[in-house]
Amino acid sequence: QVHLVESGGGLVQAGGSLRLSCAASGSIFSINAMGWYRQAPGKQRDLVAIITRLGTSNYADSVKGRFTISRDNAKNTVYLQMNSLKPEDTATYYCICNVQRVVGGARLDYWGQGTQVTVSS
């Protein structure tokens, strides 16, 4: 089994900052891409940012210049630093990790349980 535990969500005023963390544990050989999605009420789940094992990252246009994704491979942890937050960033944020559990095994996506981010105007 692979477990993802997210933390760092909360309530913040517009213009503020939050840092999300997602730690993976369990039967893990390697973690390939790690990333964050978000889903607002009544909307689809959208990609926010993703980072490869070697550190190459991509961002949704709506968060470029404000959010920074990073990872610590030794800790199997991915972070999302969110600055200059806007009310439209309000959503549940989900971590995703592409995990290979054994050598030569399949690479599967695992999701975190979600953490709420609320930005007040």
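Cβ separations smaller than 7 Å between residues 6+ apart or across chains give the following pairs from the range 37-62 residues that are without any contact (Cβ under 8 Å) to a residue 12 or more places away in the chain and farther than 18 Å from residue 116 by Cβ to residues that are of a type in the set (Gly, Ala, Ser) and in a strand (DSSP E or B): 58/49; 59/49.
Given the criteria within 14 Å of residue 48 (Cα to Cα) and more than 10 Å from the chain's Cα centre (by Cα), does residue 90 qualify? So residue 90 fits the description; yes.
Within the range 1-24, the only residue that satisfies the criterion of being crowded, with 16+ Cβ neighbours inside 10 Å and touching a helix residue (DSSP H, G or I) at 6+ places or on another chain (Cβ under 8 Å) is 23. Residues in the range 77-114 that are of a type in the set (A, V, I, L, M, F, W, C), open to solvent by 40 Å² or more (accessible area, probe 1.4 Å) and part of a strand (DSSP E or B): 108, 111.
Just give me the residues in the range 41-58 being open to solvent by 60 Å² or more (accessible area, probe 1.4 Å) and either of a type in the set (Ser, Thr, Tyr) or not in a strand (DSSP E or B) (or both), in sequence order.
The answer is 41, 42, 43, 44, 45, 53, 54, 56.
So in the range 63-87, with the set limited to residues that are free of Cβ contacts under 8 Å to residues at least 40 places away in the same chain and under 17 Å from residue 16 (Cβ atoms), which one is farthest from the chain's Cα centre (by Cα)? Only one residue fits best here, namely 65.
The values are calculated or read from the model by the stated rules, or taken from the named source; none is laboratory data. Values in this document were obtained by computation on a predicted structure and should not be read as measured data. In this analysis, Cβ positions are derived from the backbone assuming ideal geometry, glycine residues included, and neighbour counts consider all displayed protein chains. The accessibility values were calculated without ligands, DNA or RNA, using every heavy atom of the protein model including side chains. Shrake-Rupley method; radii C 1.70, N 1.55, O 1.52, S 1.80 Å.
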